[in-house]
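Note sheet for the following structure.
The values are calculated or read from the model by the stated rules, or taken from the named source; none is laboratory data. Everything numeric in this text was worked out from a predicted model, so none of it was measured. Every residue, glycine among them, receives a Cβ derived from its backbone with ideal geometry; neighbour counts consider all protein chains shown.
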Amino acid sequence: MTPIRLTKPTIAVLEVLLSTTDDAPAWGLSICRDADLGPGTVYPILDRLTERGWATSREETSAHPGRPARWFYELTASGRQQATAALEARASRRSRLGLAGGAA
């Protein structure tokens, strides 16, 4: 599994994906909304996460009259472990340096 560069936008997308459940999956525009990022930022991040094996995507299979099918994104088991470890390591480094928490 290839490492991911943890930019602020990537961290925001990972945090959204880590907070999803099977009952409430994330789709592209919901990730944009929840991460407070535009689609021109989010979709390339999702592509990188998918290419590197951190995430998978699947097309919506239920009826969706009047709109295109959504694409749902979720972290793989390994991606979830990698994302959690990377975010925890980053938080630990920031704490040691006396920096505030969060993605800033």
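Scan the range 59-69 and tell me whether some residue there is at negative phi, out of contact with any Phe, Trp or Tyr (no Cβ under 6 Å at 6 or more places or on another chain), at pLDDT below 95 and among the hydrophobic types (A, V, I, L, M, F, W, C).
Within the range 59-69, one or more residues are at negative phi, out of contact with any Phe, Trp or Tyr (no Cβ under 6 Å at 6 or more places or on another chain), at pLDDT below 95 and among the hydrophobic types (A, V, I, L, M, F, W, C).
Could you tell me whether Asp23 is free of Cβ contacts under 8 Å to residues at least 40 places away in the same chain, part of a helix (DSSP H, G or I) and loosely packed, with under 15 Cβ neighbours inside 10 Å?
Values: free of Cβ contacts under 8 Å to residues at least 40 places away in the same chain: yes; part of a helix (DSSP H, G or I): no; loosely packed, with under 15 Cβ neighbours inside 10 Å: yes.
Spelling it out, it is not the case that Asp23 is free of Cβ contacts under 8 Å to residues at least 40 places away in the same chain, part of a helix (DSSP H, G or I) and loosely packed, with under 15 Cβ neighbours inside 10 Å.
Do we have Asp36 as closer than 20 Å to Ile4 by Cβ, in contact with a helix residue (DSSP H, G or I) (Cβ under 9 Å, 6 or more places away or on another chain), exposed (fewer than 13 other Cβ atoms within 10 Å of the Cβ) and not aromatic (Phe, Trp, Tyr) here? If you could, list the steps in order and put the result at the bottom.
On the way: closer than 20 Å to Ile4 by Cβ: yes; in contact with a helix residue (DSSP H, G or I) (Cβ under 9 Å, 6 or more places away or on another chain): yes; exposed (fewer than 13 other Cβ atoms within 10 Å of the Cβ): yes; not aromatic (Phe, Trp, Tyr): yes.
Considered against the rule, which asks whether it is closer than 20 Å to Ile4 by Cβ, in contact with a helix residue (DSSP H, G or I) (Cβ under 9 Å, 6 or more places away or on another chain), exposed (fewer than 13 other Cβ atoms within 10 Å of the Cβ) and not aromatic (Phe, Trp, Tyr), Asp36 comes out as yes.
Being loosely packed, with under 15 Cβ neighbours inside 10 Å, part of a loop (DSSP other than H, G, I, E, B) and small (Gly, Ala, Ser) is the requirement here; does Ala89 meet it?
In short, no.
Please specify each residue of the range 53-66 satisfying the condition of being surrounded by fewer than 15 Cβ atoms within 10 Å (Cβ to Cβ) and either of a type in the set (D, E, K, R) or assigned to a loop (DSSP other than H, G, I, E, B) (or both).
Gly53, Arg58, Glu59, Glu60, Thr61, Ser62, Ala63, His64, Pro65, Gly66
Restricting attention to the range 67-85, does a residue exist that is touching a helix residue (DSSP H, G or I) at 6+ places or on another chain (Cβ under 8 Å), buried (at least 16 other Cβ atoms within 10 Å of the Cβ) and free of Cβ contacts under 8 Å to residues at least 12 places away in the same chain?
Taking every residue of the range 67-85 in turn, none turns out to be touching a helix residue (DSSP H, G or I) at 6+ places or on another chain (Cβ under 8 Å), buried (at least 16 other Cβ atoms within 10 Å of the Cβ) and free of Cβ contacts under 8 Å to residues at least 12 places away in the same chain.
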